[in-house]
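Take a look at the structure below.
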Amino acid sequence: MIRPATIDEQIQMSKLAAQAFTDDELFADVIHPHRQQYPNDTYLYWLPRLRQGWADPSNHYLVSTIERGNGQGEEIAAWAQFTRKSAKAKKETPAAPPVDVSDLPPNRAASKEYEDILERSYDSIAHEWAGPRAECWDIIWLATSPAHQGQGHGKALVEWVIEKATEDQVPSSVISAKGKDRFYNKMGYTIATSKAWEPESNPMYGLVEGGQFWWRESHLTTKPTKSQ
Ligand SMILES: CC(C)(COP(=O)(O)OP(=O)(O)OC[C@H]1O[C@@H](n2cnc3c(N)ncnc32)[C@H](O)[C@@H]1OP(=O)(O)O)[C@@H](O)C(=O)NCCC(=O)NCCS
């Protein structure tokens, strides 16, 4: 079942993401070089970002759940953050003030140098969501718990955002982690543009191999021309 996530699920979602990205070149190797020593700290990367993201109404958090059986309630198998990017809304809605995360302990697994690498690289890639692609639905995060991968949860969540993009008649984008291109290609994200670590001035340059930008536009209806 796909449903909106609730605020009390942030910790569970953070721990799930930490597990899902445990072998990832960016979130494991670059951002969490001390994860072997402090394996229980890596969720502290995700939690402050979830808290901050929750404060922005353009972000949508969805979970895919399964029934545990024996009346034990449901379990979150996967979650996603989707953002409705809109140049107009950005202009009219002030950015959410920084959320207080001072109650959280430090993330000892993280690299001091690279923990904020994604945020620092944003200016280098912001051009992707401009011009005809300023209005779009972007897949920011998508994570299926390792125990539930290959069971259709990721697909169901992506189908949610595709439906929204179709309703709004806007393109949909994703930056694919290394090894995940074919998953997104199958879901119709087939237009490759830049890499999330380009150009050379990008602080992420040389750190990762993945990070392909993919766009899905095949759901957009085209108006017939007069000659048709
Ligand atoms: C990528 C990820 C979200 C896929 O989620 P999932 O729930 O395991 O995927 P699904 O079961 O919904 O798979 C849907 C289809 O994609 C295929 N697929 C899944 N992962 C794939 C991969 N890495 N490469 C190629 N195909 C893949 C499945 O076989 C399935 O094919 P089918 O419809 O023909 O049966 C999941 O592997 C994950 O969380 N990985 C770690 C975190 C991550 O990298 N997230 C993405 C960041 S961009």
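The values are calculated or read from the model by the stated rules, or taken from the named source; none is laboratory data. Just so you know, these numbers come straight off a predicted model, no measurement behind them. Virtual Cβ from ideal backbone geometry, glycine too; neighbours counted across all protein chains shown.
Scanning the stretch 142-156 for residues that are outside any loop (DSSP other than H, G, I, E, B) and more than 7 Å from the ligand (Cβ to nearest atom), which turns out farthest from residue 22 (Cα to Cα)?
Pass one, the stretch 142-156, residues outside any loop (DSSP other than H, G, I, E, B): 142-144, 146-148, 153-156.
Remaining after also requiring more than 7 Å from the ligand (Cβ to nearest atom): 146-147.
Values: 146: 9, 147: 13 Å.
Looking at residues that are outside any loop (DSSP other than H, G, I, E, B) and more than 7 Å from the ligand (Cβ to nearest atom), I get 147.
Tally the residues that are part of a helix (DSSP H, G or I), within 16 Å of the ligand (Cβ to nearest atom) and touching a His at 6+ places or on another chain (Cβ under 9 Å), restricting the search to the stretch 22-74.
Step one: of the stretch 22-74, the residues part of a helix (DSSP H, G or I) are 25-30, 39-41, 43-54.
Then keep just the ones that are within 16 Å of the ligand (Cβ to nearest atom); that gives 25-30, 43, 45-46, 49-50, 53.
Add one more test, that the residue is touching a His at 6+ places or on another chain (Cβ under 9 Å), and what stays is 45.
Total meeting the criteria: 1.
Do you know which of the residues in the stretch 127-141 that are assigned to a helix (DSSP H, G or I) and modelled with pLDDT of 95 or more is nearest to residue 172 (Cα to Cα)?
Within the stretch 127-141, the match that is nearest to residue 172 (Cα to Cα) is 133.
Hey, could you check the stretch 181-197 for residues that are in a loop (DSSP other than H, G, I, E, B) and within 19 Å of residue 136 (Cβ to Cβ) and say which is nearest to the ligand (Cβ to nearest atom)? Let's see the steps before the verdict.
If we filter the stretch 181-197 for residues that are in a loop (DSSP other than H, G, I, E, B), which is where we start, we get 187-190, 196-197.
Still in the running and within 19 Å of residue 136 (Cβ to Cβ): 187-190, 196.
Numbers: 187: 7, 188: 12, 189: 10, 190: 14, 196: 10 Å.
Applying the filter and picking the extreme gives 187.
Determine whether residue 111 is touching a Phe, Trp or Tyr at 6+ places or on another chain (Cβ under 9 Å), at negative phi, surrounded by 13 or more Cβ atoms within 10 Å (Cβ to Cβ) and at pLDDT 95 or above.
Numbers: touching a Phe, Trp or Tyr at 6+ places or on another chain (Cβ under 9 Å): no; at negative phi: yes; surrounded by 13 or more Cβ atoms within 10 Å (Cβ to Cβ): yes; at pLDDT 95 or above: yes.
Judged against the criteria, residue 111 is not a match.
Looking at this structure, is residue 84 more than 16 Å from the ligand (Cβ to nearest atom), assigned to a strand (DSSP E or B) and surrounded by 12 or more Cβ atoms within 10 Å (Cβ to Cβ)? Don't jump to the end; show me each part of the working.
Numbers: more than 16 Å from the ligand (Cβ to nearest atom): yes; assigned to a strand (DSSP E or B): yes; surrounded by 12 or more Cβ atoms within 10 Å (Cβ to Cβ): yes.
Answer is yes for this residue.
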